[in-house]
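Student: Pasting a structure here, questions to come.
The values are calculated or read from the model by the stated rules, or taken from the named source; none is laboratory data. Values in this document were obtained by computation on a predicted structure and should not be read as measured data. No Cβ is skipped: glycine too gets one built from the backbone with ideal geometry, and neighbour counts run over all protein chains shown. Heads up: the accessible areas ignore ligands, DNA and RNA and are worked out on the full protein's heavy atoms, side chains in. Shrake-Rupley method; radii C 1.70, N 1.55, O 1.52, S 1.80 Å.
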Amino acid sequence: MTVSGTSPSRSTDTAGHDRPRLHRGLKMLGTLFITLSAITPASSVFIISPGVIGQAGTGAFWAFGVAGIVGVFMALVYAELSSAFPLAGGEYAITARVLGRLPGFVVLGLILVTQLLVVAVIALGVGTYLAVLFPHLDAAVAAAVTTLLATALAVFDLKLNAWVTGIFLAIEMTALIVVSALGFFHPKRSLGNLIAHPVSAAASGSTVTAVSVGTIGAATAVAIFAYSGYGSAVYFGEETKDAPRNIARTILWALAITVLAELIPTTAVLIGAPNLPALFSADNMMKYFITATSNSTVNDAISLAIAVAIFNAVLAIILVTARMVFSTGRDTAWPSPLSKALATIHPKFGSPWIATIATGMVSAAFCFANNTFLLVVTSTTLIAVYATLALSSIAGRRNGTTTHAAYRMPAWPAAPLLALAAIAYVVYENFQDPKVGRPSLWTTLGIGAASAAYYLAAVRRRGAWELKGAEDA
């Protein structure tokens, strides 16, 4: 309820406390544009798919297919929980309301660190694809500038940003259509061959050999992350009209579009590559495929389109993260002056502008961090968050906290149980990797422990942690 005589961006709760409120003016299509941009299918195809192909060869088709099925499980979990709590705080706000405040704060710590670093991880790809115009471009500087430009744009009205991301999304989808056409119009092998006889590079590198089910399974763990991001829609729950229904729909549509947008071009590359050993051994698989099936001009054009896609992803993720940071301020997760500043809403644009600027500045600084550090910190935190949400969807049904959800997943509890099984497998695969996976798991545990310690030592000592925003969702 808006209080007479106050700014429309502030309201009072039932206890009479003044609290900031985001403007609910976004339609489902705008939320979908931003969510898909945060997933950035083109970046996944050009950056993550080559890693899956390098590991599983043509078995990457199976890896992405199975990952899509796992994605369905988690999308159903996200849809139900987001329908019950379509809040700007996203996963931490949901977890705190279903499992309790301490688990919620642990998820806050995991998500906060991950989101701030993920912006840098993605932005660092800009230099690679702008190299067609600027061969000696410094990757870290290009990433930081990209992040700061996206931050400046993110301060403006969300509806404007929805249309900007929609236009950029069209450019990246066009690039994926071109890649798909290059493979399907000049096939060198059949889809049946990919399904029945998957192969990968032989030890010699000049031939191929049959790929094992175990290898495809390991590659599936990577493919799962290529689809991640559909749950980002929940962060715009307080700005989307009819949020309990539209956020759930957005999540499910985002997953469906993402799977098609990534699986189809990846399959096209595997079907249309003139020489599989050459594809598997190429330093840049996508560049090899495009130049081998067209020419360098097409490769340059697509490279620029991917640079646009990366900028679009940085913009979308900053929009997402800023809402979460804003929510932490509104929930007084930090000392009072900092919380009050982060919860400030721009009087003209209706955006959480200080939270947005803070997000962009910190992420830009991380662009100069060591790549290994970024990978270790971000690799497995999503696993912990997924597991927590799967448990929350089960607990929410049992303790009644999600009974008011407008969307109810079918065949419950199949989706969360199958998601937990897949997550356990991913944890196992990561633990087998001593270079990145195992250190990442320990880092995730460390972040969780530090978050719990801060909550117990600082937040809970001030009294009950106030969770706000539910009344406006």
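Student: Taking the condition in contact (Cβ under 8 Å) with a residue 40 or more places away in the chain and either within 27 Å of A422 (Cβ to Cβ) or surrounded by 15 or more Cβ atoms within 10 Å (Cβ to Cβ) (or both), does V213 pass?
Tutor: On the way: in contact (Cβ under 8 Å) with a residue 40 or more places away in the chain: no; either within 27 Å of A422 (Cβ to Cβ) or surrounded by 15 or more Cβ atoms within 10 Å (Cβ to Cβ) (or both): yes.
Spelling it out, it is not the case that V213 is in contact (Cβ under 8 Å) with a residue 40 or more places away in the chain and either within 27 Å of A422 (Cβ to Cβ) or surrounded by 15 or more Cβ atoms within 10 Å (Cβ to Cβ) (or both).
Student: Here's a follow-up. Which of the following residues is assigned to a helix (DSSP H, G or I) and either open to solvent by 30 Å² or more (accessible area, probe 1.4 Å) or under 22 Å from T240 (Cα atoms) (or both): F349, F368, F373? Let's see the steps before the verdict.
Tutor: Details: F349 fails: assigned to a helix (DSSP H, G or I); F368 fails: assigned to a helix (DSSP H, G or I).
When all the criteria are applied, what remains is F373.
Student: Where in the range 104-214 are there helices (runs of 4 or more DSSP H), lying fully within it, with 2 or more residues that are in contact with a strand residue (DSSP E or B) (Cβ under 8 Å, 6 or more places away or on another chain)?
Tutor: Working: elements: 126-130, 139-154, 158-184, 191-196.
Correct list: 158-184.
Student: For I318, are the conditions met, namely being open to solvent by 10 Å² or more (accessible area, probe 1.4 Å), touching a helix residue (DSSP H, G or I) at 6+ places or on another chain (Cβ under 8 Å) and not aromatic (F, W, Y)?
Tutor: On the way: open to solvent by 10 Å² or more (accessible area, probe 1.4 Å): no; touching a helix residue (DSSP H, G or I) at 6+ places or on another chain (Cβ under 8 Å): yes; not aromatic (F, W, Y): yes.
No: the conditions fail for I318.
Student: Applying the selection to the range 17-68, what residues are outside any helix (DSSP H, G or I), farther than 25 Å from F280 by Cβ and not hydrophobic (A, V, I, L, M, F, W, C)? Show your work before the answer.
Tutor: Looking only at the range 17-68, we keep the residues that are outside any helix (DSSP H, G or I), and these are 17-27, 40.
This time we only want the ones that are farther than 25 Å from F280 by Cβ, so: 17-27.
Passing the criteria: H17, D18, R19, P20, R21, H23, R24, G25, K27.
Student: Mind telling me which of the residues T291, T267, T356 ends up being of a type in the set (V, I, T) and either open to solvent by 30 Å² or more (accessible area, probe 1.4 Å) or outside any helix (DSSP H, G or I) (or both)? I'd like the intermediate steps shown before the answer.
Tutor: Numbers: T267 fails: either open to solvent by 30 Å² or more (accessible area, probe 1.4 Å) or outside any helix (DSSP H, G or I) (or both); T356 fails: either open to solvent by 30 Å² or more (accessible area, probe 1.4 Å) or outside any helix (DSSP H, G or I) (or both).
Of the residues listed, the single one that is of a type in the set (V, I, T) and either open to solvent by 30 Å² or more (accessible area, probe 1.4 Å) or outside any helix (DSSP H, G or I) (or both) is T291.
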